[in-house]
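No value in this document is a laboratory result; all are computed from the given coordinates. All values reported here derive from a predicted model rather than from experimental measurement. All Cβ positions, even for glycine, are placed from backbone atoms using ideal geometry, and neighbour counts span all protein chains on display.
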């Protein structure tokens, strides 16, 4: 695994652990009582990545990975191998590290290079509408801190591998 991917994975693990245990940044829980129940949704950091409105899916050249899918802000989109066609399985700590690409205003919008016929949506628990491409629910990676980064490529987390997606809706394993 690349050094940057390892660092990103460690950062996500620390963030996820903090979210799950209710710890503050200094590691204390603020008392002896059990932490308050957390909502089932993504962490505050992940919430910043969730689209408000109609989501856009486009393509962008990613060097040796070729042309891959990105959201409307150029952030890399991934598929999770554990998902089934049009069914997302990433929840809890997984969704905190890998925020779903969601749309709150109907169907996703195809951007440059995206095939409108491959775009779709699936319903997540709680009535959230996640964008799919060729049947793959789409996610971002918390370890990608800037548009164009692909730090999640090929990572094995939450029981399966994560890959960027090409314009034909296939995983890119290179």
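Observations, loosely collected:
- Residues that are touching a residue at least 40 places away in the same chain (Cβ under 8 Å) and part of a loop (DSSP other than H, G, I, E, B), drawn from segment 134-144: 135, 138, 140, 141, 142, 143, 144
- Every condition in (1) surrounded by 14 or more Cβ atoms within 10 Å (Cβ to Cβ); (2) closer than 22 Å to residue 147 by Cβ; (3) in contact (Cβ under 8 Å) with a residue 60 or more places away in the chain; (4) out of contact with any strand residue (DSSP E or B) (no Cβ under 6 Å at 6 or more places or on another chain) holds for residue 119 except the one numbered (4).
- Boolean, residue 134 is on the phi > 0 side of the Ramachandran plot and surrounded by 18 or more Cβ atoms within 10 Å (Cβ to Cβ): yes
- Enumeration of residues in segment 61-101 that are in a strand (DSSP E or B) and crowded, with 20+ Cβ neighbours inside 10 Å: 68, 69, 70, 71, 76, 78, 79, 80, 100
- Matching residues in segment 48-105 - criterion: being on the phi > 0 side of the Ramachandran plot and in contact (Cβ under 8 Å) with a residue 40 or more places away in the chain: 53, 66, 74, 86, 92
- Residues that are assigned to a loop (DSSP other than H, G, I, E, B) and over 14 Å from the mean Cα position of the chain (by Cα) were ranked within segment 149-174; the one that is nearest to residue 69 (Cα to Cα) is 167.
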